[in-house]
Amino acid sequence: MTKIRDVVMIGAGPSALSAAIYTTREEVDTVLYDKGVFGGLAAITDWIDNYPGFTDGIAGMKLAEQMQGQAERFGANIEFGDVSAIRDNGTTKTVVVDGEDVEAKAVLIATGSDYKKLGIPGEKEFYGRGVHYCATCDGAFYREKKLVVVGGGNSAIQEAIFLTRFTTHIDLLVRSSIKATEILQRDLQKFTDSGQITVHLETSTDEIVTEDNKVTAVKGTKAGQSVEFVADGVFVFVGLKPNTDFLKDSEIDLDEVGLVKTDGNLMTSVPGIFCSGDVRSGATMQIASAVGEGANAALNIREYIEDLDRQ
């Protein structure tokens with residue numbers, strides 16, 4: 001007979017690992033599948049300075065390893081596996097992993113989101129070492145430094161304004177025109193008037209220049225002419241891409257950008273399938289909140305399974 005797991009967790013980032021710690025401590029049979037790096041985006045972040053409990057900060061990989069080790073200590077089974085589909089069978093769910101069916105009473109979707117990339121030279125090579133996608137995570141590393149911020153939407157403007165508390169100057173590169181709300185544009189005007197931010201409209205970002213293993217400048221094109229901006233770091237805010245491609249043919253409701261919709265118990269539109277972390281619609285995209293959501297989801301999953309077993 002096919003073994004039915006208590007819960008299958010899709011993803012092995014901070015939210016899923018947190019959830020697994022809680023479920024396994026309650027002796028809920030738990031398996032996690034992830035096709036990439038265990039620890040999610042946290043694991044490939046050079047340094048994390050805003051996670052509670054670490055006075056001097058902690059390397060992203062170290063934090064991820066500690067979370068993974070803790071979950072495994074309580075009995076979580078963490079495996080590499082590419083999930084391509086979820087099917088709802090009523091009292092059970094089928095998760096297709098590397099083409100094979102895995103049966104479970106409940107499922108947690110915690111696949112996270114990935115930052116949209118520019119796809120230019122230097123971006124991938126210097127991720128976390130001069131190229132960043134989170135101002136609150138990494139902005140403090142650039143006190144009294146010059147930065148380039150790429151993007152013209154709400155996130156780009158909000159993050160650029162946030163970064164002014166650390167930097168001496170920001171060049172904001174906008175591919176076409178600023179798409180942020182009028183309120184944010186008025187806020188931005190205060191910083192352009194003071195000279196803290198210089199906005200460059202209709203400016204493409206073509207290459208991140210490095211020297212001696214560090215970022216030194218950004219090359220772009222404006223009005224057909226090559227331009228270059230001196231910078232100690234680059235922050236890219238051109239959107240997030242939720243890791244939900246495998247849900248497109250499912251019955252699970254997604255919002256307009258592809259994030260998973262949930263109710264107050266972190267359950268999706270399909271009973272027994274839950275969601276937490278950065279892939280959830282309304283998430284704050286912070287490790288601490290993803291961990292909290294994972295713990296909350298675990299408690300709801302346990303209650304769901306207990307109710308199911310009583311039927």
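Throughout, read-outs are computed from the coordinates displayed, never taken from laboratory work. Just so it is clear, the model here is predicted, and its values are computed rather than measured. Cβ placement follows ideal geometry from the backbone for every residue including glycine, while neighbour counts extend to all protein chains displayed.
Taking Cα atoms only, the orientation of helix 60-73 departs from the longest principal axis of the chain by about 10 degrees. Among Asp34, Asp278, Asp98, a tally of other beta-carbon atoms within 10 Å of each Cβ gives an order, fewest to most, of Asp98, Asp34, Asp278. Charge dipole of region 27-160 (Cα centre as origin; +1 on each Lys and Arg Cβ, -1 on each Asp and Glu Cβ, all else neutral): 580 debye, rounded to the nearest 20.
The separation of region 242-289 from region 149-207, counted between C-alpha centres, amounts to 30 Å.
Picking from Thr55, Gly81, Ile120, whose Cα lies most toward the positive end of the charge dipole for region 1-129 (charges on Cβ: Lys, Arg +1; Asp, Glu -1)? The listed residue farthest towards the positive side: Ile120. Ordering Lys214, Lys105 from the fewest to the most neighbouring beta carbons within 10 Å gives Lys214, Lys105. Out of all DSSP beta bridges with both ends in the chain, state the antiparallel percent to the nearest 5. For the chain, the DSSP antiparallel bridge percentage is about 50.
This ranking places Leu299, Leu108 by how few other beta-carbon atoms lie within 10 Å of each, fewest first, which gives Leu299, Leu108. Normalised Debye scattering of the chain at q = 0.10 Å⁻¹ gives log10 I(q)/I(0) of -0.61, counting only Cα atoms as equal scatterers and leaving out solvent. What is the pair-distance distribution P(r) of region 117-236, computed from all Cα-Cα distances in 10 Å bins starting at 0, with each bin given as a whole percent? Taking all Cα pairs of region 117-236, the binned fractions are 14, 50, 32, 3, 0 percent.
Here the calculated FRET efficiency for Lys3 and Asn213, from their Cβ-Cβ distance with R0 = 41 Å, stands at 0.25, rounded to the nearest 0.05. Taken about its Cα centre, region 117-236 carries a charge dipole of roughly 200 debye when the Cβ of each Lys and Arg holds +1 and the Cβ of each Asp and Glu holds -1.
Label sites at Asp253 and Thr136, each approximated as a point 7 angstrom past Cα along Cα to Cβ, lie 2.6 nm apart. For the pair Glu26 and Lys124 in one chain, pulling the backbone fully straight at 0.36 nm per residue adds 31.2 nm over the alpha carbon distance. Cysteines in the chain lacking any other cysteine Cβ under 4.7 Å from their own Cβ: Cys275.
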